[in-house]
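Working notes, beginning with the structure itself.
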């Protein structure tokens, strides 16, 4: 598939992404009607969660819900990613991370790359974090430690999974929390961050829900390495063409193998 891109990031913003590990897009990402459609679709998915299921764990929803590709492949999203990754783009993952009001879990300090290990070569992922709700320090917005994306594989300690979205966190002596930058966003604004950047968020003890949709993209020049026997992680060609002989799933179909794997094994890592 080929499109004519309309890059939405300036050269200065692209340089900030590579120098600091992130960039914040403080403008509406999607047209109003398209964004409202995503909000409404998310509310239906949230209402359909089984009793007792945590809304922070709505991981890889696109594998069982092809309609999500309406937004994952939206030109407005891909035009944000193309200045970072180039014209040949694949979708690697997505995740609705919804913190309910009052008891939303904390996201411990982590690097995405640490969870993914050697799955991608090179390890270079651009995550678009699209605010579904208003995201503030009060309700647990994302925070990052700038310029920490030059490593990506810190050492981790265990943390309480009842209070945290993940069960591990970067050791305190390997990070400087005082340098944290908080991403406060209005609905339909976004941040972009590099896969090796240290980031996390506080719990949501406020009276307001906080939800974001993370959409993770790689260049088609990135090789997705085989996982353990039986492991399924489908990748989807979003724009341009394949550049490394990759295999891509059909976005029009439910990925039954991946859905079954997730049902049996649940969320592991990031």
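Give the Debye-formula value of log10 I(q)/I(0) at each listed q (0.13, 0.14 Å⁻¹), with one equal scatterer per alpha carbon of segment 20-178, two decimals each.
With no solvent term, the Cα-only Debye profile gives -0.74, -0.87.
Would you please put 233-240, 114-121 in order of how densely packed they are, using the mean number of other Cβ atoms within 10 angstrom per residue and starting with the highest? Spell out each step's value before the answer.
On the way: 233-240: 20.9, 114-121: 15.8.
Order by mean packing, descending: 233-240, 114-121.
Can you tell me the Rg and the Dmax, both Å, for the Cα atoms in the chain?
17.4, 49
Between residue 157 and residue 137, what is the FRET efficiency for a Förster distance of 22 Å, r being their Cβ-Cβ separation, to the nearest 0.05?
Numbers: r = 24 Å, r/R0 = 1.11.
That pair, residue 157 with residue 137, gives E of 0.35.
Using just the helices of the chain, give the 222 nm mean residue ellipticity in deg cm²/dmol: DSSP H runs with n ≥ 4 each add -39,500 (n - 2.57), and the total is spread over all residues, rounded to 500. It would help to have the intermediate numbers written out before the result.
Details: 6 runs with 56 residues, N = 270.
Result for the chain: -6000 deg cm²/dmol, rounded to the nearest 500.
As a footprinting exposure proxy, order 113, 167 by other Cβ within 10 Å, with the fewest listed first.
Numbers: 113 23, 167 14.
Least to most surrounded, the residues fall as 167, 113.
Sorted by packing (mean other beta-carbon atoms within 10 Å per residue), highest first, where do 31-43, 83-95 land?
Answer by packing, highest mean first, reads 83-95, 31-43.
Principal axis lengths of segment 1-86 from Cα atoms, whole Å, largest first?
Principal extents (Cα only, largest first): 47, 29, 24 Å.
Ranked highest first by average number of other Cβ atoms within 10 Å, how do 58-65, 154-161 line up? Please list the in-between numbers first.
Working: 58-65: 19.4, 154-161: 13.4.
Those peptides, ordered most packed to least, come out 58-65, 154-161.
Over 5 Å intervals from 0, what percent of Cα-Cα pairs in segment 46-114 sits in each interval?
3, 12, 18, 20, 18, 17, 7, 3, 1
Could you calculate the contour length gain from residue 64 to residue 178, that is, 0.36 nm times the residue separation minus the distance between their Cα atoms, to one decimal place in nm? Present the calculation step by step, with values, prior to reporting the outcome.
Working: separation 114, 0.36 × 114 = 41.04 nm, distance 3.99 nm.
The span from residue 64 to residue 178 would gain 37.1 nm if fully extended.
Computed from the coordinates by the stated procedures, all read-outs in this text should not be read as laboratory data. The model shown is predicted, which means the values in this text are computed figures rather than measured ones. Note that each Cβ is placed from the backbone with ideal geometry, even for glycine, and that neighbours are counted across all protein chains shown.
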